[in-house]
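Before any comments, here is the structure.
The values are calculated or read from the model by the stated rules, or taken from the named source; none is laboratory data. As the structure is a prediction and not an experimental result, all values here were calculated from the model. Here the Cβ positions follow ideal geometry from the backbone for every residue, glycine too, while neighbour counts run over all protein chains shown. Heads up: the accessible areas ignore ligands, DNA and RNA and are worked out on the full protein's heavy atoms, side chains in. Shrake-Rupley method; radii C 1.70, N 1.55, O 1.52, S 1.80 Å.
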Amino acid sequence: MDFSIKAFDTKNTLAAAKSGCVAVAVFENKKLSQAAKALDQTGEITAALKSGDITGKAGSTLLLRGVAGVSAARVLLVGMGADEVVSEKNFVTAVNATLKAFASLGAADAIIAFPTTEVKERTPEWALQTLVVAANEAEFRSDAQKSKKEPAYSGVRKITVAVPLANTQTKASLAQAIAIANGMKLTKELGNLSPNVCTPTYLANVARKLADDFGFEIEVLERKQLEALKMGSFLAVAKGSEEAPKFIVLKHMGGGKKDAPTVLVGKGITFDTGGISIKAGPGMDEMKYDMCGAGSVLGTFRAIGEMGLKLNVIGIVAACENMPSGRATKPGDIVTSMNGLTIEILNTDAEGRLILCDALTYAERFKPAAVVDIATLTGACVISLGHHNSGLFTRHDAAHDALAEELLQAGKEAGDGAWRLPIGEQYNEQLKSNFADLANIGTPGGASITAACFLENFTRNYTWAHLDIAGTAWKSGAQKGATGRPVPLLTTFLMNRV
């Protein structure tokens, strides 16, 4: 889908604009938005509202053809709720209703003239990104592996967003929104692929393609190199699978040569059976999504590469399968991590932290400004936060509080929320082992917190935060599929650091 922005004088030029359709907002109390007023040359829109053909309730729509004084072939009236304040929820609902209507139009192009500057507690940049991401979602298809493809999107292909002022900044905001949407698309495509296709090797090849396309530096470490680095914890997870592990390092060096990089670390379990501590059968197919942390790192790199972000960013993806076999790690095994800490593996299904701890140790060599790991780590996080917010964990001191605030603010700006949960020494008590330095699971209670506390043991030489995306990375049921989150949060976080 193609996007552009254009400034319209709502007094006359919007009505004069030639287009297949112009979408404008109307409100529940039968009031018109400024753009709707500009099109209401002969009172037809006012009459439609008064007739009750459209209520103005958020998401309601009414298509008018041949409106007098309007050059566009169609005018789409879209309800946006109460006019006193345009809420975020109502704006999103209106956008989705508009795109649903556009999908069945016989028009090739359209203009969206919504009140993007009037959404409560949201910026025009947020509104623009919401439009672009929703439009990409409307045409997204998850039929890559079907023999008979779903019907291709055949509606509006070119969208012009009407803005009060089209300057360099608004054009840059549009380009950033498109880049984020493209990054989310890659993350969704990777997450939705079957695990016999999206293997560690496949992820490595995707990373290589990104490096070729956007000029990233790349290194893919193989098993022997991981053994030489003494990544005993990561390799303990990988040893049960026939698939070779891959440790992927991407570098986007868009900042100054001496600038410390921001490092993103993604969990890349391309399929998680639970290992010897095997999961129940129902729903196990969704464990193909256990690489969504890795997918979000690759999607974020897709976005920042397209933007040409002027920041040094390093992406680390630890990728392997967690499988049961005669070689697989057993409950009770003790392994030595890259930083020398020994770990008693009480449950082989708590494998994400075992691969991440070595990746987090590896990140130290880059002398990072900050490290953020992203992982579908715990079902307990879903119980705590549901599917709305990702869990955010970090230490409680000035530097880490500042990093947490950066991430929370980025999530708010991007409409990709996170919620901070505590960690601390009192929770570390739950990870004690009689036989090793740490156990890989804690005693009952606060399982998402103790998982974060486990990771914290490997991050004490730099500023670090952990995002648990188990509740936000994919949807189940009829809408089953990867969401592309938290690419918007991560990309906005990095943009704000420039």
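Within region 385-420, restricting attention to residues that are touching a Leu at 6+ places or on another chain (Cβ under 7 Å) and assigned to a helix (DSSP H, G or I), which residue is farthest from residue 473 (Cα to Cα)? Ranking the qualifying residues of region 385-420, first place goes to 404.
Every residue, every condition in (1) at pLDDT 95 or above; (2) touching a helix residue (DSSP H, G or I) at 6+ places or on another chain (Cβ under 9 Å); (3) within 18 Å of residue 374 (Cα to Cα), yes or no:
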site	(1), (2), (3)
149	no, no, no
153	no, yes, no
157	no, yes, no
160	yes, no, no
184	yes, yes, yes
191	yes, yes, yes
209	yes, no, no
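To keep it simple, each residue is scored yes or no on (1) touching a Ser or Thr at 6+ places or on another chain (Cβ under 6 Å); (2) modelled with pLDDT under 95; (3) open to solvent by less than 40 Å² (accessible area, probe 1.4 Å); (4) not hydroxyl-bearing (Ser, Thr, Tyr).
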| position | (1), (2), (3), (4) |
| --- | --- |
| 337 | yes, no, yes, no |
| 350 | no, no, yes, yes |
| 353 | no, no, yes, yes |
| 378 | yes, no, yes, no |
| 383 | no, no, no, yes |
| 397 | no, no, no, yes |
| 400 | yes, no, yes, yes |
| 409 | no, no, no, yes |
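Restricting 162, 152, 166, 177 to those that are within 23 Å of the chain's Cα centre (by Cα) and either surrounded by 12 or more Cβ atoms within 10 Å (Cβ to Cβ) or of a type in the set (Gly, Ala, Ser) (or both) reduces the list to 177. Each residue in region 33-59 was checked for being open to solvent by 30 Å² or more (accessible area, probe 1.4 Å) and of a type outside the set (D, E, K, R), and 8 of them qualify.
Kindly indicate whether any position in region 384-392 is closer than 21 Å to residue 369 by Cα and in contact with a helix residue (DSSP H, G or I) (Cβ under 8 Å, 6 or more places away or on another chain). Let's see the steps before the verdict.
Quick first cut of region 384-392, residues closer than 21 Å to residue 369 by Cα only: 392.
Now drop any that are not in contact with a helix residue (DSSP H, G or I) (Cβ under 8 Å, 6 or more places away or on another chain), which leaves 392.
Yes: one or more hits.
Residue 84: outside any helix (DSSP H, G or I) and in contact with a strand residue (DSSP E or B) (Cβ under 8 Å, 6 or more places away or on another chain), yes or no? Show your work before the answer.
Details: outside any helix (DSSP H, G or I): yes; in contact with a strand residue (DSSP E or B) (Cβ under 8 Å, 6 or more places away or on another chain): no.
No.
Could you identify the single residue in 19, 4 that is surrounded by 15 or more Cβ atoms within 10 Å (Cβ to Cβ), in contact with a Lys or Arg (Cβ under 9 Å, 6 or more places away or on another chain) and under 30 Å from residue 179 (Cα atoms)? Lay out the reasoning, then the answer.
Working: 4 fails: surrounded by 15 or more Cβ atoms within 10 Å (Cβ to Cβ).
Answer to the selection: 19.
Here is a check on your reading of the model: is residue 230 surrounded by 13 or more Cβ atoms within 10 Å (Cβ to Cβ) and on the phi > 0 side of the Ramachandran plot? Considered against the rule, which asks whether it is surrounded by 13 or more Cβ atoms within 10 Å (Cβ to Cβ) and on the phi > 0 side of the Ramachandran plot, residue 230 comes out as yes. Residues being open to solvent by 30 Å² or more (accessible area, probe 1.4 Å), touching a residue at least 24 places away in the same chain (Cβ under 8 Å), within 25 Å of residue 37 (Cα to Cα) and part of a loop (DSSP other than H, G, I, E, B) are entirely absent from region 126-140. Restricting the first member to region 427-454 and to residues that are within 21 Å of residue 339 (Cα to Cα) and part of a loop (DSSP other than H, G, I, E, B), and the second to residues that are of a type in the set (Lys, Arg) and open to solvent by less than 50 Å² (accessible area, probe 1.4 Å), the beta-carbon pairs closer than 9 Å and six or more apart or on different chains are 440/353; 441/353.
Number of residues in region 186-209 that are assigned to a helix (DSSP H, G or I) and open to solvent by 20 Å² or more (accessible area, probe 1.4 Å) equals 9. Evaluated against (1) farther than 14 Å from residue 112 by Cα; (2) in contact (Cβ under 8 Å) with a residue 12 or more places away in the chain, residue 79 falls short on exactly one condition, (1).
Is it fair to say residue 465 is assigned to a strand (DSSP E or B) and either crowded, with 19+ Cβ neighbours inside 10 Å or touching a residue at least 12 places away in the same chain (Cβ under 8 Å) (or both)?
Working: assigned to a strand (DSSP E or B): yes; either crowded, with 19+ Cβ neighbours inside 10 Å or touching a residue at least 12 places away in the same chain (Cβ under 8 Å) (or both): yes.
Answer is yes for this residue.
One residue alone among 283, 274 is on the phi > 0 side of the Ramachandran plot and open to solvent by 10 Å² or more (accessible area, probe 1.4 Å), and that residue is 283. Here the condition is being over 17 Å from residue 318 (Cβ atoms) and either touching a Phe, Trp or Tyr at 6+ places or on another chain (Cβ under 7 Å) or touching a residue at least 60 places away in the same chain (Cβ under 8 Å) (or both); of 260, 238, 294, it holds for 260 alone.
Residue check: residue 257 meets all listed conditions (1) at pLDDT below 95; (2) open to solvent by less than 50 Å² (accessible area, probe 1.4 Å) but one, namely (2).
The set of residues in region 341-379 being touching a residue at least 24 places away in the same chain (Cβ under 8 Å), farther than 20 Å from residue 438 by Cα and assigned to a helix (DSSP H, G or I) consists of 363, 364, 366, 379.
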